[in-house]
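Asker: Can you keep this structure in mind? I'll have questions shortly.
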Amino acid sequence: MPSRYRGSAVRILFVVSEVAPFSKTGGLADVAAALPPAMVELGHRVLLVSPRYRGVDPETAPDDGVERAFVDHPAYFDRPGLYGEAGGDYPDNDVRFDFLCREAFRLAAKRRFRPDIVHAHDWQAALAAYLVHAGRTQQSKGRSPAAVFTIHNLAYQGLFGRETLARIGLPPAAFTLDQLEFHGRVSFMKAGLVFADVVTTVSPTYASEIQTPEFGHGLDGVLRIRAGRGELAGILNGADDTRWSPEVDPYIPARYSAERLSGKARDKAALQRRTGLPVDAATPLLGVVSRLDFQKGIDLVADAAGDLVAAGVQVVVLGSGDPALEARLGALADRHPRWIHATATFDEPLAHLIQAGSDMFAVPSRWEPCGLTQMYALRYGTIPLVTATGGLEDTVEDGVTGFKMPLLHTPAAQRAAFVRMVRTAAGLYRADRLAWRRMMRRSMAKDFSWKSSARGYEELFEGLLRRRTG
Ligand code: ADP
Ligand code: GLC
């Protein structure tokens, strides 16, 4: 395949704790599945290193030019969960993910893969940036790789007790404010924020938000310093349309496109049948596919359930996580079986059917680094209803491709804004089908290709390499 890249290929060691279709708890897995092949397509080499969790079969890797190595250590990774089980996190996550980072370098060396860039994602891979830094003291600067750390969610920081340093063989000197110490604990996230050559996050708006106390989770100070030196960038994720497109989706009963929308009505009927809701094309259907976590604001959907039913909107929620919210949504579905359906599992095929079969898609997040589901919704002509924050702000145009509500500071005001937004959208759906279809077509025409995100990373990597060798 011809590449537009004219320089020499960059060798990227991509360290990540989950990658679809092998392992997934959220959008990070989708990014790890899509960004590496997009980099390969630009002419670069990528070695992706990720844990071999229970059930991962390395033999099933797609043939997309990405080199993959799975860290095979059953004592750490052959477990039912990735990071923990219902009761909480695994207590040895510090050693598990320290091991992932160290193994990444060992496996690369074993394959004689000498990275130019080590690209580490989220706290689980953040120690890779520390290891690059530590390695630099032992070799000449020009030969060591540059480290790039990408924040997918600042809320999960990998915080452990002080004793973790000894457990993972780091010197006590690392326990300072300008290194890994964070309010008396060891922060893996800080290893990435402090030691990477460049820190990135997954949308331009989130890159500015995390420099404020409101969104900084206590780390805004460090981020302001990095940003002040021009070392913090926001690169918007893409949406993988080989997996998420109504034109090719293997999970939906009827395929469709902006030109031939009729299949969407059949998918809606299939979704209504599947969820036990009355099959009715005229009733607006609001879909949700989400982790049930404070971040995602799905409690607002539960709070607003009575108003949504009164507004004549069917609601389908696929979400797991917070047990109390799962139970609450289940109870609402029992109370309003003709209007509300809730499934509390992780169900990839159902996630696709909801994207295709819903008219509207809610993402009422309190913060959202990028958010992929609203981009998928746009692709499926399912109008996103979102909070104006992070990547949601950057990908949805209010009244053009979707609807936005502002982020408000009291639960009652936020709930009222959410209900208003749903009523506005449902009102348009009922009153003006032509205008609705125009909006669908505008949404479906949006291009969030991984190619342009990959070019953003390419430019960043090349700039770093020029700086380091120049
Ligand atoms: P986050 O990574 O914060 O959870 P994103 O929007 O980036 O949010 O990505 C979420 C991904 O996880 C999407 O691919 C979405 O379809 C998927 N997902 C979330 N919850 C479920 C679920 N219960 N079943 C299936 N897929 C889910
Ligand atoms: C995180 C964020 C989400 C983002 C995803 C992939 O899980 O919560 O907003 O889309 O990572 O970058």
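The values are calculated or read from the model by the stated rules, or taken from the named source; none is laboratory data. Model, not experiment: these values are computed from the prediction. Backbone-built Cβ (ideal geometry, glycine too); neighbour counts: all protein chains shown. Keep in mind that these areas ignore ligands, DNA and RNA; they rest on the heavy atoms of the full protein, side chains included. Shrake-Rupley method; radii C 1.70, N 1.55, O 1.52, S 1.80 Å.
Asker: Give, in whole angstrom and from largest to smallest, the semi-axes √(5λ) of the equivalent ellipsoid of segment 209-322, with λ running over the eigenvalues of the Cα gyration tensor. Each step should come with its number before you reach the end.
Answerer: On the way: eigenvalues 274, 97, 25 Å².
Over the Cα atoms of segment 209-322, the semi-axes work out to 37, 22, 11 Å.
Asker: Per residue, how many Å² of accessible area does segment 17-115 show with a 1.4 Å probe? Before the final figure, lay out each step's value.
Answerer: Values: 4280 Å² over 99 residues.
Accessible area per residue, segment 17-115: 43 Å².
Asker: Taking the mean number of other Cβ atoms within 10 Å as a proxy for protection, how do you rank 224-236, 24-36, 206-218, 185-197 from highest to lowest? Don't skip to the answer; put the middle values down first.
Answerer: On the way: 224-236: 16.5, 24-36: 22.7, 206-218: 18.2, 185-197: 24.3.
Final packing ranking: 185-197, 24-36, 206-218, 224-236.
Asker: A follow-up question, please. Run lengths n ≥ 4 of DSSP H only: what is the helix-derived mean residue ellipticity at 222 nm for the chain, with -39500 (n - 2.57) per run over all residues, to the nearest 500?
Answerer: Numbers: 19 runs with 194 residues, N = 470.
Using -39500 (n - 2.57) per qualifying helix, the result is -12000 deg cm²/dmol.
Asker: Would you kindly state how much longer the chain becomes between Arg338 and Ala61 on full extension, computed as 0.36 nm times their sequence separation minus their alpha carbon distance, in nm to one decimal? Kindly include the intermediate steps, with their values, before the conclusion.
Answerer: Working: separation 277, 0.36 × 277 = 99.72 nm, distance 4.19 nm.
So the extension gain works out to 95.5 nm.
Asker: Give me the percent relative contact order of the chain, please, defined on Cα pairs under 8 angstrom at least 6 residues apart. Mind showing how you got there, number by number?
Answerer: Numbers: 887 pairs, mean separation 59.8, N = 470.
13 percent.
Asker: Continuing with this model, one more query. Working from Cα positions, state the angle (0 to 90°, nearest 10) between the long axis of helix 323-335 and the longest principal axis of the chain.
Answerer: In the chain, helix 323-335 runs at an angle near 10 degrees to the longest axis.
Asker: Leaving out ligands and nucleic acids, and using a 1.4 Å probe, what accessible area per residue does segment 382-458 come to in Å²? Show your work: numbers first, answer last.
Answerer: Working: 3380 Å² over 77 residues.
On a per-residue basis, segment 382-458 sits at 44 Å².
Asker: Just need the Rg to Rh number for segment 26-172, please, alpha carbons only, Kirkwood Rh. Display every interim value, and only then the final one.
Answerer: On the way: Rg = 15.6 Å, Rh = 16.5 Å.
That ratio is 0.95, to two decimals.
Asker: What percent antiparallel are the DSSP beta bridges of segment 1-138, to the nearest 5? Spell out each step's value before the answer.
Answerer: Details: 2 of 16 bridges.
Counting DSSP beta bridges with both partners in segment 1-138, the antiparallel share is about 10 percent.
Asker: Additional query: Please report, to two decimal places, log10 I(q)/I(0) for segment 311-470 at q = 0.12 Å⁻¹ as given by the Debye formula with identical point scatterers on the Cα atoms and no solvent.
Answerer: -0.61
Asker: Among the listed pairs Lys268/Lys446; Lys264/Lys446; Lys404/Lys451; Lys110/Lys451; Lys404/Lys446; Lys24/Lys268, which have their C-alpha atoms separated by more than 24 angstrom in this model?
Answerer: Numbers: Lys268/Lys446 22 Å; Lys264/Lys446 18 Å; Lys404/Lys451 27 Å; Lys110/Lys451 30 Å; Lys404/Lys446 17 Å; Lys24/Lys268 26 Å.
Those over the limit are Lys404/Lys451; Lys110/Lys451; Lys24/Lys268.
Asker: If the chain between Phe294 and Ala412 were fully stretched, how many nm would it gain, using 0.36 nm times the residue separation less the Cα-Cα distance? The partial results should precede the final answer.
Answerer: Working: separation 118, 0.36 × 118 = 42.48 nm, distance 1.57 nm.
In short, 40.9 nm is gained.
Asker: Right, something else. Pop out the carbon and sulfur fraction of the accessible area of the chain as a percent, whole number, probe 1.4 Å. Show your work: numbers first, answer last.
Answerer: Numbers: 10050 of 19200 Å².
Answer for the chain: carbon and sulfur cover 52 percent of the accessible area.
Asker: Working from the pairwise distances between different alpha carbons, so that the mean of 1/r is found and then inverted, what is segment 350-437's Kirkwood radius in Å?
Answerer: Details: mean 1/r = 0.0764 Å⁻¹.
Value: 13.1 Å, from the Cα pair sum.
Asker: Ok, one more. Sorted by average packing, counted as other Cβ atoms within 10 angstrom per residue and highest first, what order do 373-385, 291-303 take?
Answerer: Numbers: 373-385: 27.1, 291-303: 21.1.
The densest-packed peptide leads the list: 373-385, 291-303.
Asker: Can you pull the Kirkwood radius for segment 299-354, inverse mean 1/r over Cα pairs, to one decimal in Å? Let's see the in-between values first.
Answerer: Numbers: mean 1/r = 0.0872 Å⁻¹.
Answer for segment 299-354: a Kirkwood hydrodynamic radius of 11.5 Å.
Asker: How many nm is it between the label spots at Arg437 and Ser208, if each spot is 7 Å from the Cα in line with the beta carbon?
Answerer: With each label point 7 Å from Cα toward Cβ, the separation is 3.8 nm.
Asker: Find the all-direction average of the projected area of the Cα convex hull for segment 111-172, expressing the result in square nanometres with one decimal place. Walk me through the numbers before you get to the answer.
Answerer: Working: hull surface 21.5 nm².
For the Cα atoms of segment 111-172, the hull's average projected area reads 5.4 nm².
Asker: Hey, what angle do you get for helix 348-357 against the long axis of the chain, alpha-carbon based, 0 to 90 degrees rounded to 10?
Answerer: 40
Asker: Where both partners of a DSSP beta bridge lie in the chain, what percent of those bridges are antiparallel, to the nearest 5?
Answerer: Numbers: 6 of 54 bridges.
Counting only bridges with both partners in the chain, antiparallel ones make up about 10 percent.
Asker: Per residue and in cubic angstrom, what volume does the convex hull of the Cα atoms of the chain have?
Answerer: Details: hull volume 67.9 nm³, N = 470.
In the chain, the Cα hull volume divided by residue count equals 144 Å³.
Asker: Just to compare against my own numbers: the Cα pair-distance distribution for segment 152-248, 5 Å bins, whole % per bin, please.
Answerer: 3, 12, 21, 20, 14, 11, 9, 5, 3, 2, 1, 0
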